[in-house]
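**Q** Got a structure for you, questions after.
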Amino acid sequence: MKRRIVQHGSSSLTITLPIKWATKYDLKKGDELELEMSGPILMVSTTKEIASPKKEVSVSDSGIFTKNNLSHLYQLGYDEIVIRYEDPSTLEEIKRRIVGCMGYEIIDQKENRVYIKSIATTIETEFDTLLRKSFQITNEMARSVLEALEKQEFEKLKEIRNMESLNNKFTDICLRILNKKGYKVPKRTMQIYEIVKNIERIADEFKYICNTFESYNKKISKEVLLAFKESIDYYLAFYEMFYKFDPKLKKKLYLGRKGLVKKYSTALEKSKGTEAMFYHHLINIVQKTYDGAGGYFALVL
């Protein structure tokens, strides 16, 4: 897109804003814009949000309304939602899921219809804090699962598993912010989005490990525990590198994946039952960590 420079007086130069962009963000005369200069590049941005339209959903049209449907609407950035339903169980499903959508509240309820609205504003300006919290919950979940398995305290896994739901709260609102506002570096929104998704997926794998061993009653071998610790160390290397770049960690992440995946794949082929499923989850942890790291490598270019 090109714009012609217009001179006003002896010292002022102006350009016009694209009307489509100005309309999208409801910009008017007198509004302030942020300008950032970087060599020959001048970046113009606004702190105004895109007006999010209301979304009305008919359960009969979609066949079934699940908890994931509400999460997807939340992530997409809708501030007001109307859901029409016939089966009362749909409302109960919505009530269970809305607890995990920070800022969403049921503001009205009529016959076969529920109205949901976002009452959060300031929290959506704190993306970096929310992302760090997502990492930290996943870190703690990893360490807690490992400790429970090392001590054969399988009864603790049910409680640890609940941390995944807390993680979802933070990753969901991160995705919501990215869909509504984009990332602070607009051209890198896609990369940071992929990082958030993979943090969520890694936490899912730790939850699946909790499910796998929750009712386990055998001693876990040292080889299995060592393999688990290796996968956690691989993930934590990604976390550390995200907040403080280290060439050694980049090398570990980039070159270490194939060796770990090969090692766990071989162990999986030799294992049965619970241990085989366990190695499957370790492969996923390593692969999803690598995918997240790939987003990071693109993010910092």
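The values are calculated or read from the model by the stated rules, or taken from the named source; none is laboratory data. This one's a predicted model, so the numbers in the text were calculated from it and none came from an experiment. Methodologically, a virtual Cβ is constructed for each residue, glycine included, from the backbone with ideal geometry; neighbour enumeration extends over all protein chains shown.
**Q** Could you check segment 6-30 and list, in sequence order, the residues that are closer than 13 Å to residue 45 by Cβ and of a type in the set (Ser, Thr, Tyr)?
**A** 25
**Q** Does residue 28 satisfy being over 25 Å from residue 171 (Cβ atoms), of a type in the set (Lys, Arg) and in a loop (DSSP other than H, G, I, E, B)? Before the answer, list the steps.
**A** Working: over 25 Å from residue 171 (Cβ atoms): yes; of a type in the set (Lys, Arg): yes; in a loop (DSSP other than H, G, I, E, B): yes.
Against the criterion (over 25 Å from residue 171 (Cβ atoms), of a type in the set (Lys, Arg) and in a loop (DSSP other than H, G, I, E, B)), residue 28 qualifies.
**Q** Okay, next question. Quick check, is residue 87 buried (at least 20 other Cβ atoms within 10 Å of the Cβ) and in contact with a helix residue (DSSP H, G or I) (Cβ under 9 Å, 6 or more places away or on another chain)?
**A** no
**Q** What pairs can you find where one residue is in segment 217-232 and polar (S, T, N, Q), the other is outside any loop (DSSP other than H, G, I, E, B), and their Cβ atoms are less than 6 Å apart, with a gap of 6+ or different chains?
**A** Cβ pairs passing all conditions: 231/282; 231/285; 231/286.
**Q** Now for a different question. Under 7 Å between Cβ atoms, which residue pairs at least 6 apart in sequence (or on different chains) link something in segment 53-70 that is closer than 30 Å to residue 25 by Cα with a partner that is among the charged types (D, E, K, R) and assigned to a helix (DSSP H, G or I)?
**A** 70/97
**Q** Across segment 156-174, what is the number of residues that are surrounded by fewer than 19 Cβ atoms within 10 Å (Cβ to Cβ) and without any contact (Cβ under 8 Å) to a residue 40 or more places away in the chain?
**A** Of the residues in segment 156-174, 4 are surrounded by fewer than 19 Cβ atoms within 10 Å (Cβ to Cβ) and without any contact (Cβ under 8 Å) to a residue 40 or more places away in the chain.
**Q** Test residue 226 against the stated conditions and say whether it is surrounded by 17 or more Cβ atoms within 10 Å (Cβ to Cβ), assigned by TED's automatic domain parsing to the domain that holds residue 140 and closer than 21 Å to residue 160 by Cβ. Spell out how you get there, then give the answer.
**A** On the way: surrounded by 17 or more Cβ atoms within 10 Å (Cβ to Cβ): no; assigned by TED's automatic domain parsing to the domain that holds residue 140: yes; closer than 21 Å to residue 160 by Cβ: yes.
Answer is no for this residue.
**Q** Could you say which residue among 217, 284 is polar (S, T, N, Q) and touching a helix residue (DSSP H, G or I) at 6+ places or on another chain (Cβ under 6 Å)?
**A** Just one listed residue meets the conditions, 284.
**Q** Of the residues that sit in segment 47-61 and are at pLDDT 80 or above and either surrounded by 11 or more Cβ atoms within 10 Å (Cβ to Cβ) or assigned by TED's automatic domain parsing to the domain that holds residue 23 (or both), which one is farthest from residue 91 (Cα to Cα)?
**A** Within segment 47-61, the match that is farthest from residue 91 (Cα to Cα) is 54.
**Q** Can residue 267 be described as over 24 Å from residue 196 (Cβ atoms) and touching a Lys or Arg at 6+ places or on another chain (Cβ under 8 Å)?
**A** Criteria not met by residue 267.
**Q** Still on this structure, please answer the following. Is there a residue in segment 39-46 that is at negative phi, in a strand (DSSP E or B) and in contact with a Leu (Cβ under 6 Å, 6 or more places away or on another chain)?
**A** The answer is yes, given that some residue of segment 39-46 is at negative phi, in a strand (DSSP E or B) and in contact with a Leu (Cβ under 6 Å, 6 or more places away or on another chain).
**Q** Residue check: is residue 81 closer than 18 Å to residue 56 by Cα, touching a strand residue (DSSP E or B) at 6+ places or on another chain (Cβ under 6 Å), modelled with pLDDT of 90 or more and buried (at least 17 other Cβ atoms within 10 Å of the Cβ)? Give the derivation first.
**A** Working: closer than 18 Å to residue 56 by Cα: yes; touching a strand residue (DSSP E or B) at 6+ places or on another chain (Cβ under 6 Å): yes; modelled with pLDDT of 90 or more: yes; buried (at least 17 other Cβ atoms within 10 Å of the Cβ): yes.
So residue 81 passes the test.
**Q** Continuing with the same structure: Hey, can you tell me all the residues within segment 2-36 that are hydrophobic (A, V, I, L, M, F, W, C) and either at pLDDT below 80 or surrounded by 11 or more Cβ atoms within 10 Å (Cβ to Cβ) (or both)? Steps first, answer last, please.
**A** Taking segment 2-36 first, the residues hydrophobic (A, V, I, L, M, F, W, C) are 5-6, 13, 15, 17, 19, 21-22, 27, 33, 35.
Result: 15, 17, 21, 22, 27, 33.
**Q** Test of understanding: among 131, 76, which residue is surrounded by fewer than 18 Cβ atoms within 10 Å (Cβ to Cβ), of a type outside the set (Val, Ile, Thr), touching a residue at least 40 places away in the same chain (Cβ under 8 Å) and within 23 Å of residue 164 (Cα to Cα)?
**A** 76
**Q** Next up: Quick one: in segment 181-215, which of the residues that are more than 16 Å from the chain's Cα centre (by Cα) and of a type in the set (A, V, I, L, M, F, W, C) is surrounded by the fewest Cβ atoms within 10 Å (Cβ to Cβ)?
**A** In this case the residue turns out to be 185.
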